[in-house]
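Engineer: Got a structure for you, written out below as structure tokens; questions coming shortly.
Each value in this text was obtained by applying a stated rule to the coordinates, not by laboratory testing. Worth saying up front: this structure is predicted, and the values here are computed from it rather than measured. Methodologically, a virtual Cβ is constructed for each residue, glycine included, from the backbone with ideal geometry; neighbour enumeration extends over all protein chains shown.
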Amino acid sequence: MRIAVYPGSFDPITNGHLDIIQRSSRLFDKLIVAVVKNPNKKPLFSIKERMMMIEKSIKDLSNVEIDYFEGLLVDFVSVKGAQVIVKGLRALSDFEYEFQMALLNRKLNTDIETIFMMTNYKYSFLSSSMVKEIASLKGSIADLVPEVIIQDIINKFSTK
Ligand code: PNS
């Protein structure tokens with residue numbers, strides 16, 4: 001069975017992430033969307049909230065699972081019996097960092113391949129940080145994130 005892992009912070013999931021999930025899920029038997037639990041980063045949404053928002057957004061995709069991990073990504077990938085890491089590339093500015101991570105991950109585990117998908121041009125400008133900034137300033141995040149999670153993001157800022 002071909003299993004791939006799509007890792008990220010997903011703080012929160014955007015339409016750019018969703019596009020990569022939809023497209024890459026067609027290439028594998030199973031796709032695991034893996035939310036990172038990084039003790040050094042301070043996310044806006046908890047792991048539970050981030051996983052819940054992904055869950056709501058991918059209801060129609062039967063071969064996609066959601067999970068979270070701590071520690072090395074390659075260790076999670078191998079525990080899950082997966083062979084591939086999927087990453088999205090938006091622009092040249094993503095390249096250097098992603099190239100470095102792909103090479104280091106290969107050094108850590110030579111059995112795991114990283115594959116890159118070019119983002120849909122519609123979302124090349126989009127990031128979770130921008131979504132948070134716009135929402136915090138009460139701007140419209142319609143078309144930037146899945147419709148089913150818009151209210152969750154608005155609620156987060158209204159309780160802050
Ligand atoms: O959405 P992000 O924040 O760009 O995702 C980054 C992520 C989670 C893919 C990256 O930070 C990661 O793989 N973290 C796990 C720790 C690890 O394996 N580090 C070594 C990578 S070379």
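Engineer: Do any residues in segment 52-73 that are within 14 Å of Ile20 (Cα to Cα) have Cβ atoms under 8 Å from those of residues that are within 14 Å of the ligand (Cβ to nearest atom) and of a type in the set (Phe, Trp, Tyr), where the two are at least six apart or on different chains, and which pairs are they?
Structural biologist: The qualifying pairs are Ile54/Phe10.
Engineer: Mind counting the residues in segment 88-101 that are within 8 Å of the ligand (Cβ to nearest atom) and either in a loop (DSSP other than H, G, I, E, B) or small (Gly, Ala, Ser) (or both)?
Structural biologist: 0
Engineer: When the residues of segment 121-136 are narrowed to those that are under 15 Å from the mean Cα position of the chain (by Cα) and hydroxyl-bearing (Ser, Thr, Tyr), which ends up nearest to the ligand (Cβ to nearest atom)?
Structural biologist: Applying the filter and picking the extreme gives Ser128.
Engineer: Right, here's the next one. Could you count how many residues in segment 1-13 are part of a loop (DSSP other than H, G, I, E, B), near the ligand (Cβ under 10 Å from one of its atoms) and touching a Phe, Trp or Tyr at 6+ places or on another chain (Cβ under 9 Å)?
Structural biologist: 2
Engineer: Restricted to segment 34-46, and to residues that are surrounded by 16 or more Cβ atoms within 10 Å (Cβ to Cβ) and more than 11 Å from the ligand (Cβ to nearest atom), which residue is nearest to Pro146 (Cα to Cα)? It would help to see each step written out before you state the result.
Structural biologist: Just the residues of segment 34-46 that are surrounded by 16 or more Cβ atoms within 10 Å (Cβ to Cβ), to begin with: 34-36, 43-45.
After this cut, where a residue has to be more than 11 Å from the ligand (Cβ to nearest atom) as well, the list is 44-45.
Values: Leu44: 17, Phe45: 16 Å.
Result: Phe45.
Engineer: Is it the case that some residue within segment 76-87 is closer than 22 Å to Ala4 by Cβ, more than 15 Å from the ligand (Cβ to nearest atom) and more than 16 Å from the chain's Cα centre (by Cα)?
Structural biologist: First, pick out the residues of segment 76-87 that are closer than 22 Å to Ala4 by Cβ: 76-87.
From what is left, the residues that are more than 15 Å from the ligand (Cβ to nearest atom) are 81, 83.
Next cut, more than 16 Å from the chain's Cα centre (by Cα) only: 81, 83.
Within segment 76-87 (the criterion being closer than 22 Å to Ala4 by Cβ, more than 15 Å from the ligand (Cβ to nearest atom) and more than 16 Å from the chain's Cα centre (by Cα)), the answer is yes, since at least one residue qualifies.
Engineer: Is there a residue in segment 51-58 that is assigned to a helix (DSSP H, G or I) and within 13 Å of the ligand (Cβ to nearest atom)?
Structural biologist: Yes: one or more hits.
Yes/no matrix, rows are residues, columns are (1) surrounded by fewer than 12 Cβ atoms within 10 Å (Cβ to Cβ); (2) in a helix (DSSP H, G or I); (3) among the aliphatic types (A, V, I, L, M); (4) over 15 Å from the mean Cα position of the chain (by Cα):
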site: Glu65; (1), (2), (3), (4): no, no, no, no
site: Arg106; (1), (2), (3), (4): no, yes, no, yes
site: Ile115; (1), (2), (3), (4): no, no, yes, no
site: Ser140; (1), (2), (3), (4): yes, no, no, yes
site: Leu144; (1), (2), (3), (4): no, no, yes, no
site: Ile153; (1), (2), (3), (4): no, yes, yes, yes
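Engineer: Let me ask another. Just a yes or no: is a residue in segment 118-126 crowded, with 16+ Cβ neighbours inside 10 Å and in a helix (DSSP H, G or I)?
Structural biologist: Checked against the condition, which is being crowded, with 16+ Cβ neighbours inside 10 Å and in a helix (DSSP H, G or I), segment 118-126 yields at least one hit.
Engineer: Going through segment 62-75 one residue at a time, which ones are within 14 Å of the ligand (Cβ to nearest atom) and among the hydroxyl-bearing types (Ser, Thr, Tyr)?
Structural biologist: Within segment 62-75, just Tyr68 meets the criteria.
Engineer: If the requirement is being within 14 Å of the ligand (Cβ to nearest atom) and either among the acidic types (Asp, Glu) or not in a strand (DSSP E or B) (or both), which of these qualifies: Leu18, Leu27?
Structural biologist: Every option except Leu18 fails the conditions.
Engineer: Quick one: which residue in Ile85, Ile54, Ile3 is buried (at least 17 other Cβ atoms within 10 Å of the Cβ) and touching a Lys or Arg at 6+ places or on another chain (Cβ under 6 Å)?
Structural biologist: After ruling out the rest, the residue left standing is Ile3.
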